[in-house]
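One structure is given here, and the rest of the page talks about it.
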Amino acid sequence: MKKLIVPVLILVFALIGCSKEKAVSASGSDGAKDPHVVATIGDEKIMDSDIDAFLSQMPEQARARYESPEGKREFVTSLAEIKLMAQEAKKRGLDKDPDMKRKLDFISSQLLARGLAESAMKEIKVTDEDITKFYNDNKDKFNVGPRVKLRHILVSTEPEAKAILAQLKKGADFSTLAKEKSKCPSAQKGGDLGWATKGMMVPEFENVAFALKKGEMSGVVKTQFGYHVIMCDDIEAGKLMELTEAKPAIERQMKGEKSEGAIKALLEQVKKNTPITINEDYFKKAQEEAAMPMPEPGMPPAALPDEKPAGNAPK
């Protein structure tokens with residue numbers, strides 16, 4: 001069952017959470033003759049274009065599992081099994097079950113709403129002029145750095161840190177000691193933390209790190225993680241990111257903002273044509289129920305206002 005369940009979940013996400021939704025085709029010529037028919041389940045066919053469409057909608061990591069011929073066979077087999085089970089469910093009348101109909105209606109509504117929203121976003125374009133203007137108007141957002149390239153050794157106690165510092169001052173190799181002594185995962189890389197900018201580290205560590213000069217080593221630094229000895233390998237001053245570097249991020253942001261605006265405008269337009277009516281009594285009742293006191297443990301719940309008391313209570 002595990003082989004079946006995993007692709008089912010992937011297909012659900014492909015249908016609901018991706019930019020395009022396509023149904024498995026039920027048309028086409030005889031599967032035995034048509035090279036585009038990948039599988040036949042009764043009178044229903046799965047076409048090669050359907051498989052390509054499904055796979056294209058998957059996240060890259062999930063899609064990689066099905067890129068090989070063996071992976072595609074697994075995918076097609078699972079999809080055929082899903083279709084077979086769905087056919088059997090319909091034969092047994094499961095699609096007429098009220099709860100199932102409600103679920104199918106909800107999924108259908110999601111897909112249709114997403115498709116309508118995507119149609120509103122198709123015409124959205126961000127020009128180079130738009131990007132350049134945004135960059136020039138918001139240059140303060142594209143300041144990078146300053147940043148420092150660091151290594152460190154982290155131990156649990158101050159005496160350990162002081163002993164390591166003494167060894168380093170006598171000429172011991174920092175990377176070697178980091179691999180031997182440090183309890184940080186960076187120990188495997190000789191304590192290398194890479195480049196860091198302000199705001200990435202706890203204040204006690206950051207204040208010391210940014211006060212060091214290139215090639216300088218700190219004393220013992222205490223943080224919530226333990227005791228550190230820090231080495232500054234390099235320093236880069238703050239700089240303004242070039243437009244070419246900033247362009248992809250600006251384009252994504254502007255497209256996102258324009259898409260949000262387009263969908264909001266579409267929704268407002270649709271609401272004018274078909275108003276939404278909310279039953280406020282539903283929420284009023286829910287609020288009253290939420291305000292009712294909870295019964296003490298072991299005590300029967302209090303009778304609701306419209307309930308008659310049980311037993312032979314006087315009328």
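Just a few scattered comments:
- Amide H contacts of M241 (H built 1.01 Å from N, under 5 Å, at least 5 apart or other chain): N143, V144
- Cα convex hull volume per residue for segment 146-237 (Å³): 79 Å³
- Label point of A249 set 7 angstrom out along Cα-Cβ; within segment 182-223, amide nitrogens under 20 Å from it belong to 194-201.
- Here's how it looks for G190: its modeled amide H is under 5 Å from those of K179, which are all 5 or more places away or on a different chain.
- Average Cα contact separation per residue, segment 146-237, under 8 Å, 6 or more apart, as relative contact order %: 43 percent
- Summing Cβ point charges (Lys, Arg +1; Asp, Glu -1) relative to the Cα centre of segment 146-237 gives a dipole of roughly 80 debye.
- Charge tally in the Cβ shell below 13 Å around N143, where Lys, Arg are +1 and Asp, Glu are -1, N143 excluded: +1
- Here the translational diffusion coefficient of segment 55-193 follows from Stokes-Einstein with Rh set to the Kirkwood radius across Cα pairs; for 20 °C and 1.002 mPa s it amounts to 93 µm²/s.
- Per-residue HN-Hα couplings for segment 131-143 [Karplus 6.51, -1.76, 1.60; θ = phi - 60°; Hz; x = Gly/Pro]: 5, 4, 5, 4, 4, 5, 7, 9, 4, 4, 7, 10, 7
Laboratory data are not the source of any read-out in this text; all were calculated from the coordinates shown. Quick caveat: nothing in here was measured; it's all calculated off a predicted structure. Please note: Cβ atoms are built from the backbone with ideal geometry, for glycine as well, and neighbour counts cover all protein chains shown.
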